[in-house]
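One structure is given below, encoded as structure tokens.
FYI, it's all coordinate maths here, none of it is from the lab. Quick caveat, the model's predicted, so the values are computed rather than measured. Cβ: placed from backbone, ideal geometry, glycine included. Neighbour counts: every protein chain shown.
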Amino acid sequence: MTKRRTVALIVAAGSGTRAGGTLPKQFATVAGRPMLMHAVTAMSAHPAIDAVTVVVAEGQLDHAKAVLAAGGVTDATVIVGGSTRRDSVLRGIAALSDLDHVLVHDAARPFLPAGVISAVVAALTNSDAAVPVLPVADTLARGATTLTGRMLGEVVPREAVYRVQTPQGFRIAKLRAAHAAWPADEDASDDAQMVRRVGGSVALVQGDPMLDKVTHPDDFAAAEARAPYESRTAMGFDVHRLETGEELWLGGIRIPHDKGLSGHSDADVALHALTDALLGTIAAGDIGTHFPPSDPQWKGADSAQFLQHAAQLIAAKGGRIDFVDLTILCEMPKIGPHRAAMTNRIADLLDLTTDRVSVKATTTERLGFTGRGEGIAAQAVATISLPSNRGRVGA
């Protein structure tokens, strides 16, 4: 059977005035990334989608392209839409060629489960269109205006009422015919109603609460709460020699001692181990990859900048650091008197509360190089949350 070519059309041409803020809502940050990026990434990653086109408002073309490029998306097409949503969709489908099906999706619904995309595409085998819906849980009733104010009217049966979401899928010929037949002076709530009016069949598939639309300022907090994150944990380890004449930097603070750690930078094994743990959570190599000891600019460098660099890389991917755990292995100096200062310093560097930073110490019972006082070792574990682009299986 020949595979049908399917294109995703993401409508991001609204002004976003109801959402507040200085940016149109489709470019505002949700779960660490511009809202538009979530939908584009989900569509691009789905095996049923062959291409992605984004429709933006006049004056937003360059900004949209820059946002997509910064997010690593280089193969999406960006075009300018019209003054209304219907005009934007019409311009979008006019720009498309060599396709059988199109999925029209609102950028204001950032979290797009892969299962919903699959269900919509599958339904187009037997229907002209398909829309994801959710049942209505609340009681619905009409309102009546009287001399004393608004009064409760009759209840509307909710069994036959649904909340309609996007992406809405269409056989492209049917959608084009619906737009061509629609009166120019009449607004349309969505494309599915247009197809239905011209006699097209519109299948209902299971929607998802993740697809709730971001419209008002309060919706951003709700979107953050339901954002699909994946948890990642990685470990780091480092060792440095103790030598006379060196300063001892450990956990970001200077500790008075008769010896210090020797290395190309300030040799802070604690911060180095933490840095490697954080880099590991995003598979970004190790500290030597980013700050090679062969580079003279890192001679005597403050290891705090290494740790913050790793944190910045995580933030650039929309991630957040949830917890770090550090264990220092040495006989001397005693870590207990300095634990609180280390905790505070690391928390400050990573912009965490102190209850998300664990600093511990142990000895090796005078065994090995740490037991003989020849060096200090540190082991760290970091846990982060990273926006997930994989969707939910079976959603």
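Assuming a ≥ b ≥ c are the square roots of the Cα gyration tensor eigenvalues, decide whether the range 1-123 counts as rounded (a/c under 1.5), prolate (otherwise, with a/b larger than b/c) or oblate. Numbers along the way, then the final one.
Numbers: a/c = 1.78, a/b = 1.43, b/c = 1.25.
Note, shape of the range 1-123 comes out prolate.
Quick one: which residues, 5+ away or cross-chain, put their amide H under 5 Å from the amide H of residue 359? H built at 1.01 Å from N.
326
Hey, what did the range 229-387 get for relative contact order, percent, Cα under 8 Å, at least 6 apart? It would help to have the intermediate numbers written out before the result.
Working: 362 pairs, mean separation 54.5, N = 159.
Across the range 229-387, relative contact order equals 34 percent.
Sort 271, 278, 204 by Cβ crowding within 10 Å, fewest neighbours at the top.
Details: 271 33, 278 30, 204 15.
Least crowded to most crowded, the residues run 204, 278, 271.
Check residue 234: other-chain or 5+ apart residues with amide H under 5 Å from its amide H, H built from backbone geometry?
382
Under 5 Å between amide H atoms, partner at least 5 residues away or on a different chain: which partners does residue 30 have, H built in plane at 1.01 Å?
35
Ignoring everything except DSSP H segments at least 4 long, calculate the 222 nm mean residue ellipticity for the chain; use -39,500 (n - 2.57) per segment, divide by total residues, nearest 500.
Details: 12 runs with 115 residues, N = 395.
It comes out at -8500 deg cm²/dmol, rounded to the nearest 500.
Positive end of the dipole of the chain, charges at C-beta (+1 Lys, Arg; -1 Asp, Glu), about the Cα centre: which of 161, 30, 274 has its Cα farthest in that direction?
Working it through, the farthest residue towards the positive pole turns out to be 161.
Compute a Gaussian network model of the chain, connecting alpha carbons closer than 10 Å, and tell me which residue from 177, 51, 310 fluctuates the most.
The residue that fluctuates most here is 177.
Using Cα pairs closer than 8 Å and at least 6 residues apart in sequence, work out the relative contact order for the chain, in percent. Display every interim value, and only then the final one.
Numbers: 838 pairs, mean separation 65.7, N = 395.
After rounding, I find 17 percent.
Report, please, the projected area of the chain averaged over directions, based on the convex hull of its C-alpha atoms, in nm². Numbers along the way, then the final one.
On the way: hull surface 112.4 nm².
Answer in nm², one decimal: 28.1.
Got a sec to turn the phi values of the range 3-10 into Karplus ³J(HN,Hα) couplings, 6.51 cos²θ - 1.76 cosθ + 1.60 with θ = phi - 60°, whole Hz, x for Gly and Pro?
So the J values, rounded to whole Hz, are 6, 6, 7, 10, 10, 8, 10, 9.
Mind counting lysine pairs for me in the chain? Cα separation below 19 Å, and the two need to be 8 or more apart along the chain or on different chains.
Working: 3/174; 25/65; 25/213; 65/317; 259/299; 259/334; 334/360.
Taking the chain as the scope, the lysine pair count is 7.
Which GluC sites (Glu not before Pro) in the range 125-207 sit in a loop by DSSP (not H, G, I, E or B) and have at most 14 other Cβ atoms within 10 Å of their own Cβ? Walk me through the numbers before you get to the answer.
Numbers: sites: 154, 159, 186; in loops: 159, 186.
Qualifying residues, ordered by number: 159, 186.
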